[in-house]
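Below: one structure, written as structure tokens.
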Protein chains: 2
Amino acid sequence: MTTTVSHAAARYAAADWGTSSFRIWLIGETGEALSERRSAEGMTTAAKTGFSPVLEQHLEAMGAADTLPVVICGMAGARQGWVEAGYLDTPAALSDIVRHAVVVPDDRRDIRILPGLAQRDAASPDVMRGEETQLLGSVGALSGTRLVCMPGTHSKWVRVADGKVERFSTFMSGELFDVVSRHSILSHAVADAGAFDGTHPAFVAAVAEAMANPAMATNLLFTVRSGQLLHGHGATEAKARLSGLMIGLEIAGAATMTADAQTPVSLVASGPLAGLYTQALTAAGLQSQLVDADEAVRDGLAAAARALWPASVQTLSAV
Amino acid sequence: MTTTVSHAAARYAAADWGTSSFRIWLIGETGEALSERRSAEGMTTAAKTGFSPVLEQHLEAMGAADTLPVVICGMAGARQGWVEAGYLDTPAALSDIVRHAVVVPDDRRDIRILPGLAQRDAASPDVMRGEETQLLGSVGALSGTRLVCMPGTHSKWVRVADGKVERFSTFMSGELFDVVSRHSILSHAVADAGAFDGTHPAFVAAVAEAMANPAMATNLLFTVRSGQLLHGHGATEAKARLSGLMIGLEIAGAATMTADAQTPVSLVASGPLAGLYTQALTAAGLQSQLVDADEAVRDGLAAAARALWPASVQTLSAV
């Protein structure tokens with residue numbers, strides 16, 4: 001994975017350009033990642049410094065050729081991003097995403113940004129940008145109907161049937177957890193909390209409570225504080241409970257997206273959230289299969305690259 | 001309502017000492033408010049400057065006698081307040097509150113702080129401090145079973161039967177509305193919103209949506225943003241929707257406190273919240289009767305004063 005190797009063997013670069021993070025890989029002829037770089041130069045930063053300088057600096061650091069093509073997903077395609085890539089409307093075949101990619105004007109390289117997905121119905125307007133590429137990479141080629149859970153700041157739950165996104169819902173669970181932990185009266189309750197995982201009894205109990213009575217959500221949140229006040233619960237317990245309530249409430253809502261509890265759930269996640277959601281889904285009686293989110297986005301970008309540049313990518317892969 | 005009048009006729013002073021606000025009234029022999037002062041010297045401020053100086057400064061400004069007794073409710077009785085007044089455990093007769101008042105050591109005056117209420121069961125721990133006095137003043141003498149809705153930063157819903165508090169639940173609606181409006185991605189959606197009231201169509205619709213599907217609460221919150229993005233909704237509409245979602249979710253939860261939709265609801269509120277909740281309760285099919293929150297706390301403090309000092313208050317009232 002040295003610069004020399006990457007430079008020679010890379011067929012294209014793939015970038016996941018989020019709001020606050022930037023990740024790029026050089027991809028070789030068989031689809032393997034030859035080199036990876038990550039930084040905090042997300043859309044918010046790049047909108048000030050310029051997108052092209054950020055991209056070129058990372059490509060140069062990895063020894064990429066001047067003409068290496070680049071495929072990008074994420075917020076770089078937002079209106080406030082580099083070049084607006086718009087939205088593909090649901091229901092949408094994941095394989096169609098690439099046909100709506102926009103070309104970034106550039107003197108040397110072929111740079112494409114993938115579009116997001118939009119659900120425009122009046123009752124449930126929703127958008128995603130970046131997750132569509134994870135979907136393409138994780139479930140785009142699978143048959144049958146499944147729910148895909150993509151936890152994060154704004155968790156997405158997606159119903160996919162035979163490679164087509166039927167509908168999806170964004171839940172603000174991650175951001176609410178963060179905002180409530182930092183800015184509400186519960187900030188005192190969770191201050192100095194230690195680490196916990198999905199097996200923590202307070203987490204497990206909270207998932208069940210929120211699922212059993214979602215209408216009481218904002219009351220259950222208050223019990224994080226009152227439980228500490230009256231029952232002496234500790235900070236770690238409070239934080240685990242707060243996390244479990246947010247995730248349990250999300251799963252209660254997501255469960256309404258299918259009438260069939262046997263619908264398989266693909267959990268596209270990495271890091272600590274993967275463990276928390278795996279436990280929470282099990283507690284909710286849902287079968288889930290974990291797909292690494294990093295692999296999913298890389299696989300989605302690779303699928304897009306194969307469709308965008310069949311001559312240089314697929315042919316070379318066959319060598 | 002001049003200082004001269006107050007000074008002569010006052011039988012006691014009554015103070016509602018909250019976290020961030022302080023209100024005090026001089027009360028005459030028939031229970032009428034002779035004088036009123038309000039300030040931002042709530043518990044948070046007074047804990048630094050001292051509680052006694054704040055109280056004495058306001059009493060002096062109103063021309064109160066040096067020996068005028070004072071009855072106080074609210075956060076002045078919290079652990080981090082002036083003198084801890086503890087909690088009366090539920091189920092609790094509202095008339096019992098006064099028997100658990102604590103005496104503040106003072107050389108000249110008889111100063112009492114009323115206790116809060118605590119619900120100590122493991123599943124639904126909850127506390128209130130200040131609202132118990134509003135309950136005493138508004139429904140303490142009424143027979144029958146009713147729900148009392150007390151909206152605010154931490155809304156309280158209380159089931160009261162024949163003057164006894166059976167159970168209650170705190171909902172973080174007001175604080176969540178505030179925190180989400182200021183610190184989440186929705187802050188952009190509601191920035192520069194104009195005024196709205198409970199008849200705004202976006203408010204009415206949001207109440208209904210949250211009540212119909214409370215499990216989707218954190219998704220419905222996200223639609224405040226996605227509705228703006230995809231359907232061009234304005235900031236005032238977004239803010240009205242956010243408010244309606246929080247209140248609708250609260251009512252959906254509170255409705256689980258009674259099996260009987262015919263249970264009357266007393267709405268103890270003042271200011272804009274009185275209008276919003278009146279409309280929301282009507283939309284939810286609940287009959288509500290509005291009680292002014294200011295009058296309720298003053299009447300509750302008056303009831304406490306009559307019980308605390310029957311000789312000086314009740315006898316004088318009979319003159």
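Here are the numbers:
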{"read-out": "Yes/no for B:Thr263 being within 11 Å of chain A (Cβ to nearest Cβ), hydroxyl-bearing (Ser, Thr, Tyr), touching a strand residue (DSSP E or B) at 6+ places or on another chain (Cβ under 8 Å) and at negative phi", "value": "no"}
{"read-out": "Criterion (at pLDDT below 95 and within 13 Å of chain B (Cβ to nearest Cβ)) met by exactly one of A:Leu229, A:Leu176", "value": "A:Leu229"}
{"read-out": "Complete set of residues in segment A:124-141 that are aliphatic (A, V, I, L, M), open to solvent by less than 10 Å² (accessible area, probe 1.4 Å) and within 11 Å of chain B (Cβ to nearest Cβ)", "value": "A:Met128"}
{"read-out": "Single residue of segment A:142-156 satisfying the filter (of a type outside the set (Val, Ile, Thr) and assigned to a strand (DSSP E or B)) that is surrounded by the most Cβ atoms within 10 Å (Cβ to Cβ)", "value": "A:Ser155"}
{"read-out": "Among (1) more than 13 Å from every other protein chain (Cβ to nearest Cβ); (2) small (Gly, Ala, Ser); (3) more than 22 Å from B:Met246 (Cβ to Cβ); (4) buried (at least 17 other Cβ atoms within 10 Å of the Cβ), the one test that A:Gly244 misses", "value": "(3)"}
{"read-out": "Meets criteria (part of a strand (DSSP E or B) and out of contact with any Gly (no Cβ under 9 Å at 6 or more places or on another chain)) for A:Val165", "value": "yes"}
{"read-out": "Meets criteria (within 11 Å of another protein chain (Cβ to nearest Cβ), open to solvent by less than 30 Å² (accessible area, probe 1.4 Å) and touching a residue at least 12 places away in the same chain (Cβ under 8 Å)) for B:Leu249", "value": "yes"}
{"read-out": "Scope segment A:79-123; condition buried (at least 19 other Cβ atoms within 10 Å of the Cβ) and within 11 Å of chain B (Cβ to nearest Cβ); matching residues", "value": "A:Tyr87, A:Gly116, A:Ala118, A:Gln119"}
{"read-out": "Residue match in segment B:71-79 (condition: closer than 21 Å to B:Val160 by Cβ and of a type outside the set (Gly, Ala, Ser))", "value": "yes"}
{"read-out": "B:Ser243, sole failed condition from (1) of a type outside the set (A, V, I, L, M, F, W, C); (2) touching a residue at least 12 places away in the same chain (Cβ under 8 Å); (3) part of a loop (DSSP other than H, G, I, E, B)", "value": "(3)"}
{"read-out": "Condition met for A:Met216 (within 25 Å of the chain's Cα centre (by Cα), within 12 Å of chain B (Cβ to nearest Cβ) and either part of a helix (DSSP H, G or I) or surrounded by fewer than 24 Cβ atoms within 10 Å (Cβ to Cβ) (or both))", "value": "no"}
{"read-out": "Leading residue by the ranking (farthest from the other protein chains (Cβ to nearest Cβ)) among those in segment A:195-213 that are hydrophobic (A, V, I, L, M, F, W, C) and touching a residue at least 60 places away in the same chain (Cβ under 8 Å)", "value": "A:Phe203"}
{"read-out": "Per-region count, segment A:36-46, residues buried (at least 16 other Cβ atoms within 10 Å of the Cβ) and small (Gly, Ala, Ser)", "value": "2"}
{"read-out": "First in segment B:124-150 and more than 18 Å from A:Asn219 (Cα to Cα) and in contact (Cβ under 8 Å) with a residue 40 or more places away in the chain, second anywhere and in a helix (DSSP H, G or I) and open to solvent by 30 Å² or more (accessible area, probe 1.4 Å), Cβ under 6 Å, 6 or more apart", "value": "B:Gly137/B:Asp299"}
{"read-out": "Selection count, segment A:56-83, where residues are touching a Pro at 6+ places or on another chain (Cβ under 9 Å) and in a loop (DSSP other than H, G, I, E, B)", "value": "1"}
{"read-out": "Hits in segment A:151-164 - residues which are under 21 Å from A:Gly77 (Cβ atoms) and free of Cβ contacts under 8 Å to residues at least 40 places away in the same chain", "value": "A:Thr153, A:His154, A:Lys156, A:Val158"}
{"read-out": "Of residues in segment B:47-57 being out of contact with any Asp or Glu (no Cβ under 8 Å at 6 or more places or on another chain), open to solvent by less than 60 Å² (accessible area, probe 1.4 Å) and not hydrophobic (A, V, I, L, M, F, W, C), the one farthest from B:Ser20 (Cα to Cα)", "value": "B:Glu56"}
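The values are calculated or read from the model by the stated rules, or taken from the named source; none is laboratory data. Model, not experiment: these values are computed from the prediction. Neighbour counts are summed over all protein chains in view; Cβ atoms, including those assigned to glycine, are modelled from backbone coordinates with ideal geometry. The area values use the complete protein model at the heavy-atom level, side chains included, leaving out ligands, DNA and RNA. Shrake-Rupley method; radii C 1.70, N 1.55, O 1.52, S 1.80 Å.
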